[in-house]
1. At least 2 residues that are closer than 25 Å to residue 283 by Cα in each: list the strands (runs of 3 or more DSSP E) lying fully within the range 44-157 that qualify.
2. Looking only at the range 280-301, decide whether some residue is modelled with pLDDT of 95 or more and more than 21 Å from the chain's Cα centre (by Cα).
3. Can you name every one of the helices (runs of 4 or more DSSP H) wholly within the range 277-339 that holds 3 or more residues which are in the same structural domain as residue 129 (by TED's automatic domain parsing) and over 24 Å from residue 191 (Cα atoms)?
4. Limited to the range 34-43, what total is found for residues that are assigned to a helix (DSSP H, G or I) and crowded, with 17+ Cβ neighbours inside 10 Å?
5. Considering only residues of the range 218-245 that are more than 16 Å from the chain's Cα centre (by Cα) and either not assigned by TED's automatic domain parsing to the domain that holds residue 259 or not in a helix (DSSP H, G or I) (or both), which is surrounded by the most Cβ atoms within 10 Å (Cβ to Cβ)?
6. Could you check residue 66 against (1) more than 18 Å from residue 19 (Cα to Cα); (2) out of contact with any strand residue (DSSP E or B) (no Cβ under 6 Å at 6 or more places or on another chain); (3) crowded, with 19+ Cβ neighbours inside 10 Å and say which number it fails?
7. Given (1) within 22 Å of residue 226 (Cβ to Cβ); (2) surrounded by 17 or more Cβ atoms within 10 Å (Cβ to Cβ); (3) in contact (Cβ under 8 Å) with a residue 24 or more places away in the chain, where does residue 172 come up short, assuming only one miss?
8. I'm trying to understand the selection: among the residues of the range 162-202, which are part of a loop (DSSP other than H, G, I, E, B), over 18 Å from residue 298 (Cα atoms) and more than 15 Å from the chain's Cα centre (by Cα)?
């Protein structure tokens, strides 16, 4: 019988909070053609002449705020999840990062050395986007081909609307939703509008801000906005959040290109000024707490909300190592192995 294994893939993190390590991480991340989808020369100029001279210092300071004695929260949480999933299965579970360590090349070499022949690939992204889900899968296949390995892969599809994923989100949010709050803001990681349009295989369905995301269409299989809204709709329905007590937004915009709107950075103060004194926020696109949730939202977002007149700001944790999330991952792996 072929040796089976599973591989969890997440985004990654700098090796430390030092400026050189953050610069190296950002260079690897931003030089990815699926992150900054410009020509090679234009991308090199953007990254090396406009971003890397200043951004590493600011990013290093942000990472310093969330770093723990174990290191990067994203890495330590992902490794804890890996261990828990591994303990539920009778075949090994590996962890790789698209950028940084443990790198995809390193983990592929380890799996080949361990004799793995069949691999279930689990991109830890609920929603499809070229700059997250797609680049992780493509990079893995590139490395396998470079090694001329016969490793056979099966990739888990995005799970943005799956019942067990929604159940896990609701279970994670249950205690916070029982609090007295005025409004729930569901914040997803944003992507450039250009990426949305490029993902429209029909070439004419995507209207970005119209009702295209509500009109069934085959291109929804690669539409990040539709999948994000589907998660939001199913979550509030399952959690019983009234229609007038929630809204959605998109965070983490970089650069000057238009991204998906509304922007979380603008919605947080707007809600405070609108009289929403107690704000609850959840970030379903992230399965592990990281810079974007712990610093951008929990720290910076809270400060913005309070300065705009808000009084109470609470963020629902990511799925992290919640038992419902671990059960979901183990179940997906088990079903693949038995198929």
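The values are calculated or read from the model by the stated rules, or taken from the named source; none is laboratory data. The structure presented is a predicted model; accordingly, all values stated were derived computationally and were not measured. Cβ coordinates were reconstructed from backbone atoms using ideal geometry, including for glycine residues, and neighbour counts include every protein chain displayed.
1. Counting at least 2 such residues, we get 93-100, 118-123.
2. Looking through the range 280-301, none of the residues is modelled with pLDDT of 95 or more and more than 21 Å from the chain's Cα centre (by Cα).
3. 323-338
4. Here the count works out to 1.
5. Filtering first and then ranking leaves 241.
6. Exception for residue 66: condition (1).
7. Unmet for residue 172, out of (1) within 22 Å of residue 226 (Cβ to Cβ); (2) surrounded by 17 or more Cβ atoms within 10 Å (Cβ to Cβ); (3) in contact (Cβ under 8 Å) with a residue 24 or more places away in the chain: (1).
8. Selection gives 162, 178, 180, 199, 200, 201, 202.
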